[in-house]
Structure formats: structure tokens, C-alpha cells
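The values are calculated or read from the model by the stated rules, or taken from the named source; none is laboratory data. All values reported here derive from a predicted model rather than from experimental measurement. Positions of Cβ are backbone-derived with ideal geometry, glycine not excepted, and every protein chain shown enters the neighbour counts. Keep in mind that these areas ignore ligands, DNA and RNA; they rest on the heavy atoms of the full protein, side chains included. Shrake-Rupley method; radii C 1.70, N 1.55, O 1.52, S 1.80 Å.
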Amino acid sequence: MAMTVSSAGGLLAMLNENHPTLKLHALTNLNAFVDYFWPEISTSVPIIESLYEDEEFDQRQLAALLVSKVFYYLGELNDSLSYALGAGPLFDVSEDSDYVHTLLAKAIDEYASLKTKAAESNKAADIDPRLEAIVERMLDKCILDGRYQQAIGMAIECRRLDKLEEAITKSDNVHATLSYCSNVSHLFVNRREYRHEVLGLLVDVFKKLPSPDYLSICQCLMFLDEPVGVAGILEKLIRSEKEDDALLAFQIAFDLIENEHQAFLLNVRDRLTQPKYLPAEPVQPVSTETESAQDANAATTEDVQMADGTQAVSEAVPASVPVVDPKEATYAERLTKLKGILSGETSIQLTLQFLYSHNKSDLLILKTIKQSVEMRNSVCHSATIYANAIMHAGTTVDTFLRENLDWLSRATNWAKFSATAGLGVIHRGHLQQGRSLMAPYLPQSGSGGGSPYSEGGALYALGLIHANHGEGIKQFLRQSLSSTNVEVIQHGACLGLGLAALGTADEDVFDDIKNVLYTDSAVAGEAAGISMGLLMVGTASEKATEMLAYAHETQHEKIIRGLALGIALTVYGREEGADTLIEQMTRDQDPIIRYGGMYALALAYSGTANNKAIRQLLHFAVSDVSDDVRRTAVLALGFVLYSEPEQTPRIVSLLSESYNPHVRYGAALAVGISCAGTGMSEAISLLEPLTSDVVDFVRQGALIAMAMVMVQISEASDSRVGAFRRQLEKIILDKHEDTMSKMGAILASGILDAGGRNVTIKLLSKTRHDKITAVVGLAVFSQFWYWYPLIYFISLAFSPTALIGLNYELKVPRFEFLSQAKPSLFEYPRPTTVATTTSAVKLPTAVLSTSVKAKARASKKEADQKEKAEKSSATESTSGKGKSSGDKDEDSMQVDSPVEKKAEPEPSFEILINPARVVPAQEKFIKFLEDSRYIPVKSAASGFVLLKDLRPSEPEFLSLIDAPSSTASTGGASATAQQGSAASMAVDEEPQPPQAFEYTS
Amino acid sequence: MDPKLSEVSQLCELFKAALVRNDFDKCATLLSQLKVLLTAFRSLPPLFEATPSAIHELTVARDIYEHAVILSVKTEDQDAFERDFFQLKPYYTDAGDRLPQSQQEFPILGLNLLRLLVQNRIAEFHTELELLSASALENPCINHAVELEQSFMEGAYNRVLTARQKVPHETYVYFMDLLAKTVRDEIAGCSEKAYDSLSINDARQMLMFSSDQELSGYINEEHPEWEIKNGHVIFQKAKESAPCKEIPSLQLITQTLSYARELERIV
């Protein structure tokens, strides 16, 4: 039996001996036994400490190590660390013990906090060199052991960019490490400046690689706001001989577009060098087109030309360049495409086509709403119009409005304003025809006949159509703004201009709007305030101070509110940079300015989940005297937390039980905003009780929030979606329900089926960058509490849930891919049936819908063939196109089949055909077929994906060739009503803009 | 035989011889050398490695430390006693079952108990006592210390003082003398509490001094706060303990109210 000592008393006694050898012997042994005897040793710590402090004693470091260990066991980590530092080399970083692990963590924490403090106060770090040595030893060890992720994490935390670079370059898979690193820097680096430093470093490392990952570099550069770098890379890629490089360039452009940073994109575009022999065709056909088109007719003819979209442009280019160097010609051609993408036109057009062709909105829902809403109740009436607009956002389908012109005409004054503006939402992204579509309602120069409300609404609509892509329309809106004195028109024009020129910080536009502001008219001033903010989004310019000064000056609450929001918008994403302004606003006497301060907090820290911001907001949510401020403070939490939606329900859960209805309302919307489109179970559980709250406006908020959370979630994945739909129907049909909650229910039905059931609300792009437009859209949307027309801003947050594959020509080829999940999990909700009538009526409806569909299909096919016939003379790909139309029928059959064949066991996968609806939850099930003709340039499961053609010699079949606005097909029953126009549409490929309808009031 | 061990054994003999001669300086140097030499043996505590000559080494080492303790008593050095005793202790507690029992074990343990009693470290005294087996308690050396402690606790100081006459071991005398002083301190402490003043005569008797000079010397040295006035020793009463702290009621009330207000605001 091995003997052990039962007490350290003997060794401790030996410490008191005079002979140093004895002391050393005692220390060495104590150090070995400290794990067992630390309680006994702890009483003698002073003796050991004195040994450490004894300069004469040559084993001071051993004493320090021993004391450090004892302090570690006593839980005094600070003392322990300082003695461990004294132990010098005896403190072994690689030892695998709790003591070493704990102390290392402590040391790194300490070092990181010192470094951060030093960096924040801009002073040279006063750091114990011994501490630094330990951290460096640790970092080196991690790198040596191949634990690069640890090393990266520590290096970032400790602000050791040199070590970070070392870790990245030494890792065995530099690409993976880099992407890990950029991810980490977005998720965990809270300070903006420092994040920029890290990203800057990443870009440098990226560039040094033999085969750089341009996709990631460009993402980083975008964050750093360096358009020059991006432009350089893009140019290099499209100058390359290889087609693959060009594809990559296009893919990069699409990825950049997704972040919706208009000013940045414009900058990139302008920095691409022109080809040496500039083709005669101007590069931006749209803008010239809109500028030149002064009357509607001219516009129409131009539109026909434009119908071919990029094709026309790309065809035009080679036509004019036979004389130039072929290299330059390819470059010019690619450049045109690239610019098309960067300006957003390509993506918008494709999205529009997708939304139009896949539109699955259910008119019956709207019909039910329309019928159940009381005639005289104008709030619900407008709500129905809003719901319709949202439901059809971006689909260009305005059948419902056309069918109910009489009913629509009941909208007067501001309701008329929003009815007209609703068209803008429906036609969102219809850049080419937007102007001509709205032409009948726009203010006519000379004849002052139109109602100012519809004119103002039309200007607002133009803004919505061109939101964030307003290059072409800006000029027109400015003219309209300056040529009117009617405040309603000014209101619409301001909003429109703000939307169109979102984030461009255009001085001239700003001055125009400022002039409107200084007229001190309440209605126009409010819009002007918001518009100024939209214009200056994220610039944090001096203008904010100017705006704040005017907000103090004016008497109109509406103007103050508009300005307050505007100021908040200017600090978007500035994080700490906005603190001074936020401080100023949140300490203001005026509750409306404080209210703006809440928004400033929300937007400056949007998506950062910054603890400081959350703390501040929670403080205001419980302590401010004004209900408005409290409500907004809670709501603002939603913006701060949208990057980590899992947290929001937990944080606001207590607030959602507050006695104050405003706070409950804010909590509901906060959840709605941050968890939008996630269908998160906790969020739904939190909102559920609020939808039957005692206070009407809380119900309203909860219903809207619930719809935002549940958008595009199918009943199969969460049964509560179905229950919610039924609840909405019940509220709408209930005669005794309060108007407020009824309005909420109507809007909720609109949001739930938004964009023809093909869009979701997304505040983060796939690369987890925030989408400015979407965030700004939701921020202004949440103002609808005061001003209903702002509801339309929600359409900015919609992003299509689609996977659209593109070939080199930026066309959509037909190809198949797999969704490895049950089709029912992500299918569209079934169309509603008329539940209130007897079943006898039900049956025919069901039959009717299919037959009508079939009929529509037949007529469309006919039309297609006709058009093919026409085309065949012009183009040579007759066979291909003919087949494609045949394919299309198969396609629609496939879409129908799962619904029809109920009895069969459900397959566990689904073949999708490009372009396809892929809801966010479905993305992880998407697989590309291995033997497919096309392979994606980067593996992404949604959005725009460029495809590499492996068999370029074979003919391609294109899908999505039907351009929008042939209203006939989707309208179902309406087909007959539109027969005339439909027929004429079928003849020429691009239809004329739909006829205008007039209000009869 | 291991040369190192034989060296230690030789030195040990020298040391013991010097001890018998009461040549303390020689002892101290030898002892210091021995201790350093002992650190080289891996069979000794705390490592207890099972080397072939472990038993022998342990026995020698124990012997050395036992004599070191006796030396410290002879030199009347309490610190050294404590130091050496603690170094010796593992040989009794941890190695006890492998070595033949030492003759010196109980006297030394008893001495240690006595030392604790002298230093008035009663808690440690009892801890040590608990560690001893029941049979050990019957050993006269231990028993002596236990009885002393009991008398001491009861306040039967005369019994403590008379116990000096019947010490079980000659080394105990030194501590018994010291114990008398401890007893005097105890008495002084009690009188201070019990009386406001005492006549010098009574005080002298009580504190067991044979002359007034001794008494005043003691007072000057140990209790300078006492006063000798008019043939009386005046005990300066320990300063009146500060009056009970008042409860800060007003502050508590405002605090509680503000908590209530905050709570109201949160939900």
C-alpha cells in the first residue's frame, strides 16, 4: 500500500527553516501536493508570499506559482493571475489542468479588456509585458497545434491583428478559415471601427492568395465601403478570357445587389471603365427612356422595345461593334450586363417575372373581406385596399381593383391617396413601365383637373415602384415637387422622392425637399422630414443637426415626428458613431424627439444585438413618461435584435405582460419585426395571447406581427398557421369586433399572403449583412400608427423566396433540381373555398377553378404559339421554343399533381424547376442534381445563382419568357372581363399598360 | 549500505552525543546538516517512495527529528519545537504502521499538547487530542496533559500548579514553568473583568507573586493600563462597548418605497 501524507503541516513547518535548501525542498513538494492540501497551505500563504518578495531567494518564481495555485483554489482569480505572471516560465501554458485552463481564460479576458479599453480611449495600452507574453505564447501554441479557429477567436478578441493574419495564413485551409473569420467578425465584433480594421485585414489576406475568393472579398469590401476595390475586381473578372470568370463577376454583382446599398452600387458602377469603343447604345437605356418619354404614347413604343429587356440591350451591343477589337467587344457586352445587374434592373426584372408567373394570391380572401366590411367604415375599406396591395406586391396583378371599381370609388381624400399609391406597391419593380402605368393619375401640367389626392398618391406610387432604384425617375419627381404648391401633392412627391433616391445623399434633392419643409405645412412637412431621412440614410451627415434645430422650431407635431424619424434614419448602422446624437435626442424635453431617439437607437444599432443599446431601450421602455416613447422603445428592440431572433421573445416576454397596452403593442411588433418570416415557435406562442388582448390596438399590433412572423410558413410545418388564418377570418366576419382590430386582421391577411404568396420579410441577406431598404422600410412602416399610407413601406422589406438560375446570357434556362423534403411541408396554402355558402355551391367552384385554369392555359398556349409563330420568322430557335411551351404545360401539370393525387403516399422529395419558389425553411433541403447540365457557380439555395453550362453546344430551353402584365392568365374568372385586352395583348408580345380606371366620386 | 545513509547515521550519532553533552551549538549545526541531507531521501515524507532501505531510512529520520524536538525543549525554543514537531508528525501518523513504535512517541505528543496548553491554543489542543487513539489517551504522558487541561478549564489553577511536582518526563518541566505564567495571565484577565480594583496585597496573592516588586514589574510589562494608586490596583475597565447602533429607519423606509416604485414601473 502506497503511503501518503495526511497533512502538509510538516512541509509548511519546513518553510520556516533557515536553510534555503530546506525551503526549496518544501516549496517543490508543496507545489506537487497543492491540489490536495491547498486548504492547509492557504493559512500559510503570507509566508510563501514573503518568500516570493524576498529578492535574495532564488526560487521566487516557484513560490509565486504556488501562491497562484492556492489563490486559484480560493477563487481569487485576480490575485492568482498576478502571481502566475510572477511565476514567469514556470507557468506552463500547455499543461492540461483546470488551473491552467482557468487562468489562461482569465489572462486572455484581462488582456482583451485592457486592449479594448486602450483602443477605445485612444491611449497606448499600458499592459503588463508578462501578460502579453502569456497571451502570445497561447496564440502561438494554438497556431502550432492547428487550432486555428481558437487562435482567430482569441486574436480578434485581443485585437492582435498581426496574430490574426498569422493564424489565417498558416492554416491549412485558408479559404475556409477566411470565411470563418469574416463570419466571426460580423457576429462578435461589436465595435464598428474595429470590425472595419478586421475586414480590411481580411481583404489584404484574401488578395494575397493564389486563387482569391472574389465573392468573399467583394462582400468585405462592401462592408468597408470601398467601391474602387470592388470595381477593380469586377473589371478584372470580366476582362478575363474565360467565361467562368464573367459568370463569377455576375454572381458577385447579384450578391452585392442583395444588400441593397444603392449609393455603393452606383459608385461601383460608375467606376467601371468604359470599353475603348463605346457602343452607340447608351448604357442605361432605362433612364434615358424615362427622361425622353414625355408623353404616354412615346413611352409605350419604347416600352415595346424594352420588353426584350436585357436581350435587346445585349443584342444591340454586338450590332454596333463589328469594327472593334473582339476582346473589347466581349468586354463591352459583359460590362453592359454587369451594369444592368448592378443597377438592379436585371434582378428586379427577373423578380418581377417570377412573382408574376408564380402568383398564387387568393382573390377569394379579398372578396370575403370586401363583403364583410361595412360600407361606411372607411378605415376597414382602406385597410382592404392596403391588404390587396400588399397581397399583390410586385406581381403587377391588379385584377381585384379592376373588378371592383365601384367599390373602390368610395375611397375619398386620403383614402384615395393610398388607393392610388397602392398601385405602386402592386407594380413594384416595374421600372420600365412604371411611369406609363401611373400616367393617368400623375399631375398633368397645365390641366389642373385631377384630384390632388390621387395625384399625390401617384407620385408616392412612383417612389414605391422605383424604391432604391430611382435613377430614372428622380428627375421627374423633382419637377413634380417643385411645380406644385398643393400640400397633398407635395406630401406624395416627398415620399416618392425619398424612396426613389434612398440613401443617395443627393444634395440637390435634399435642398428641394428642405424648401418644402420650410413652408411649415403640417402635411407636407411630415413627409419632407421622413424623406430627408430616407435620402440621407446611414450618412450621419451634419444635416441631422439642422433637422433637429428645425424640429425644435416648428409648432406642428406632425413635422416634428417626421423630422424625428428622419434624423433617426440618418444614423442608420452607425453604431457608436451615433451616440452623441442619440444622447441629445433621448434627453430632449419633447416626447416626440425622444420618440425619434428610440428610432435612432433602433436603426443605429440595427441587427447588432448590442447589449448597451438593449439596456438603454429597456430602460426607456419602463421609465419614460410618454406612452409613445415607451411603445417605440419596446418596438425598437425588434430592430436591434433581428440578427438574433431567438433572443427577442425571451427579452420582451415580460414586457408583453405589462399593464400598459402601449408596451404590449410594442412588444408584439418587436417580435413581429425581429422574427419576421421565421415562423419561430416561441414568437408565435408569445403573440398568441396578445391576439385576444382586451385592448383593441394591441390586438391589431399582435395580428400584424403574427402575420409577419408566419409569412410563408405552411400549415404543414406549424398547425397554428391554419388556426391563425381561421382566426383572421372570424375577426373580419365578426360584426361586433372593434374597428382597430378588424383593420389589423385585414392587414394581417394581406401580409400573410404577401406578394402572391411568393415573398417573405427578410432583414438580413444571405451573407448576413443587413438589407438597408428592408430595415428602413419596416422602420417607416411601423409609423402607420400615426399615418396609414406609410403601411406601404412594408413592401420594401419583401424579398422573393425564389431560386432563379441564370446562364451566361442572364436568361433563365430550364433545369431541374431537388428539394429533399415532403412537398406538403412547403407548398402554397390551399385556395380558400366559399365556406359560408352551401356545399352545392362549393363543388362547382372547385370544378370551375380548374376548368378556368385549363381554359386560361389553353388560350395562353394558343397565344404562345401565335407569338412563337411570329417569332419564328425572326429568330431561328423555333424548335427549342416550341418544345419549351410544351414543357411549360408539363410544368403546370407537375405543380398541380400533388394536390390532385391525394391518395398516394406523399413522396419524400420534390423536383423543382428553375425558377422555383424556395421558402427559407426549405433552403437546406435543396440539392442540385449531379448529372445536371448546369452547375451553380456558388452553392446557394435561394436568390440568383449563375449557372455554368456544361453542354453549351446543346440548345437551351428558357423558362420565364413571359413578361408580366398579360393580366389574363392569373385572374381566373376575370379572364372573360378582360377578354378584349387579353386578346390584343396576346398579339403583340408586350401588352399595353392596363387601362386606367377613374374614380366616379 | 547506502553511503548517504551511513553518513546520516554517523552524523546522527554525533548529534545525539552532542545532545547528551548539552553542546547546543554543535547540535544546531549538526541538525541543520542532517535536515538538508534528509531532503535527498525519496522514501521520507511527503513522497514515501518504497525504496528497499525505506524502513531504515524512516527510522533514522524519525530518530533525528525526535532528538531535534528534545533539543528545542532544552534550548527552550518554542518555534523550533513547533517546526520540528510538525516535521516529525508524519512519521507517527502516516508511517506509524510500518515502523516499530518509538519510545519517544508519547512523551513527545504529550509535550506538544502541553505546548499548546501553554500557548493557550485550546482549539488546536483538542484537535490534536481527537487524532489520538483511545489507548494512547491512557498513556501517562498524554493523560497528564489532558488532566492539566481539564483543571485549567475548570479554573482549578492550584491543581495545575501542583502538577509540576509529578511530571512524567524530565523534559516537561520547562513547559510546566511556562504554564504557571499562562495561569497567571488567565487570573489577571479574570480579575480585570471581575473587580474594579483590588488591594495590592490581594492582587499579589491572587497573581501568586512573592513580592510587590514582582507584581509591579508584571503590571508594567503586561498590563500597562492598570494603575497602582493608594495601595490599590485599579483596573481600567475595558472601554464601554459602543452603544447599540441605531436602526437607520428613515433610510430604510425611503429605500423600500423606491423599490416599490421601481417595481410598479417595470411591469
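What to note about this one:
- Degrees between helix B:105-118 axis and first principal axis of chain B (Cα, 0 to 90, nearest 10): 20 degrees
- Histogrammed with a bin width of 10 Å, the alpha carbon distances of segment A:602-739 distribute as 14, 44, 31, 10, 1 percent, first bin at zero.
- Partner shielding of B:84-94 amounts to 5, given as the average count of beta-carbon atoms from other chains within 10 Å of each residue beta-carbon.
- Taking every DSSP beta bridge that has both ends in the protein assembly as shown, the antiparallel portion is near 85%.
- Cα-only radius of gyration and Dmax that characterise chain B, units Å: 27.0, 87
- A full extension of the chain between A:T832 and A:A133 corresponds to an added length of 244.7 nm, given 0.36 nm per residue minus the alpha carbon distance.
- Positive end of the dipole of segment A:114-266 (Cβ unit charges, origin at the Cα centre): among A:Q251, A:V230, A:L178, the Cα lying farthest that way belongs to A:L178.
- Only helices enter the 222 nm calculation for the protein assembly as shown: every DSSP H run of n ≥ 4 contributes -39,500 (n - 2.57), and dividing by all residues gives -20000 deg cm²/dmol, rounded to 500.
- About the centre of its Cα atoms, segment B:3-198 shows a dipole size close to 360 debye [charges on the beta carbon of Lys, Arg (+1) and Asp, Glu (-1) only; nearest 20 debye].
- Stretchable slack from A:E553 to A:S653, in nm (0.36 nm times residue separation minus alpha-carbon distance): 32.1 nm
- Peptide ranges B:225-234, A:463-472 listed from the most packed, as the mean C-beta count within 10 angstrom indicates: A:463-472, B:225-234
- Each listed q (0.19 Å⁻¹) maps to a log10 I(q)/I(0) for segment A:20-156 from the Debye sum over equal C-alpha point scatterers, namely -1.08.
- For A:M391, the solvent-accessible surface computed with a 1.4 Å probe is close to 0 Å², ligands and nucleic acids excluded.
- Relative contact order of segment B:27-107, pairs being alpha-carbon contacts under 8 Å that are 6 or more residues apart, as %: 25 percent
- Of the residues A:I348, A:S959, B:A194, the one whose Cα sits farthest toward the positive end of the charge dipole of the protein assembly as shown, with +1 on the Cβ of Lys and Arg and -1 on the Cβ of Asp and Glu, is A:S959.
- Remark on segment A:659-817: ratio of C-alpha radius of gyration to 2.2 N^0.38 Å is 1.11.
- Virtual spin-label span in nm between A:L950 and A:K117, 7 Å along Cα→Cβ: 6.0 nm
- Here, segment A:762-812 has an Rg and a Dmax of 14.7, 48 Å when only alpha carbons are counted.
- Converting the Cα gyration tensor eigenvalues of segment B:80-201 into ellipsoid dimensions via √(5λ) gives semi-axes, longest first, of 31, 14, 13 Å.
- Magnitude of the charge dipole for the protein assembly as shown, about its Cα centre and with charges confined to Cβ atoms of Lys, Arg (+1) and Asp, Glu (-1), is about 4000 debye.
- Cα centroid separation, segment A:73-129 to segment A:662-679 (Å): 42 Å
- Equivalent-ellipsoid semi-axes of segment A:492-542, from the Cα gyration tensor, Å, largest first: 17, 11, 9
- Using a Förster distance of 56 Å, the FRET efficiency for B:T254-A:K924 (Cβ separation, nearest 0.05): 0.45
- Chains A and B together, accessible area buried on both sides, 1.4 angstrom probe, square angstrom: 2000 Å²
- Gain on full stretching of the segment that runs from B:I122 to B:V173 - 0.36 nm per residue minus C-alpha separation: 16.4 nm
- Largest-first ordering by accessible area, 1.4 Å probe, given options A:D225, A:D255: A:D225, A:D255
- Taking every residue in B:169-175 and counting other chain Cβ atoms within 10 Å of its Cβ, the average works out to 0.
- Compactness of segment B:199-267 - radius of gyration and Dmax, Cα, Å: 27.1, 80
- Segment B:206-237 and segment A:721-736 have Cα centres spaced 99 Å apart.
- Heavy atoms of A:Y148: accessible area, 1.4 Å probe, square angstrom to 10: 40 Å²
- At a probe radius of 1.4 angstrom, the accessible area of segment A:592-704 per residue rounds to 27 square angstrom.
- Relative contact order (percent, whole number), segment B:94-151, Cα cutoff 8 Å, 6+ residue spacing: 42 percent
- Carbon + sulfur, % of accessible area of the protein assembly as shown - ligands and nucleic acids excluded, 1.4 Å: 53 percent
- Remark: for residue pairs A:K370/A:K730; B:K74/B:K181; A:K208/A:K927; A:K730/A:K924, the C-alpha separation exceeds 24 Å in A:K208/A:K927; A:K730/A:K924.
- Across A:W407, A:W414, the residue with the most accessible area heads the list, and the full order at a 1.4 Å probe is A:W414, A:W407.
- The label-point distance for A:M740 and A:D109, in a model that sets each label 7 Å from Cα toward Cβ, rounds to 4.7 nm.
- Over segment B:6-157, the Kirkwood radius and the radius of gyration, each from Cα atoms, give a ratio Rg/Rh of 0.99.
- Relative contact order for segment A:51-271, counting Cα pairs under 8 Å that sit 6 or more residues apart, in percent: 10 percent
- When the trypsin sites (Lys or Arg not before Pro) in segment A:674-759 are filtered for DSSP coil states and for at most 16 other beta-carbon atoms within 10 Å of their beta-carbon, the remaining sites are A:K735.
- Tilt relative to chain B, helix B:78-93 - C-alpha long axis, 0 to 90 degrees, to 10: 60 degrees
- The accessible-area loss of segment A:612-638 on complex formation, taken against its chain alone with a 1.4 Å probe, reaches 20 Å² or more at A:V622, A:S623.
- When each of A:K339/A:K558; B:K89/B:K193; B:K26/B:K89; A:K69/A:K117 is checked by Cα-Cα distance, pairs over 31 Å: A:K339/A:K558; B:K89/B:K193
- Measuring with a 1.4 angstrom probe and ignoring ligands and nucleic acids, B:R98 comes out at about 80 Å² accessible.
- Long-range Cα-Cα pairs in the protein assembly as shown (distance over 66 Å), rounded percent: 34 percent
- Put a dot 7 Å past the Cα of B:E154, heading toward its Cβ, do the same for A:K170, and the two dots end up 7.7 nm apart.
- Percent of alpha-carbon pairs separated by more than 14 Å within segment A:129-185: 46 percent
- Per-selection Rg to Rh, segment A:51-271 - Cα, Kirkwood hydrodynamic radius: 1.13
- Here segment A:80-95 is scanned for amide nitrogen atoms under 15 Å from the site 7 Å beyond the Cα of A:Q150 along Cα-to-Cβ, giving A:92-95.
- Given +1 at the Cβ of Lys and Arg, -1 at the Cβ of Asp and Glu and no other charges, the dipole of segment B:199-267 around its Cα centre is 420 debye to the nearest 20.
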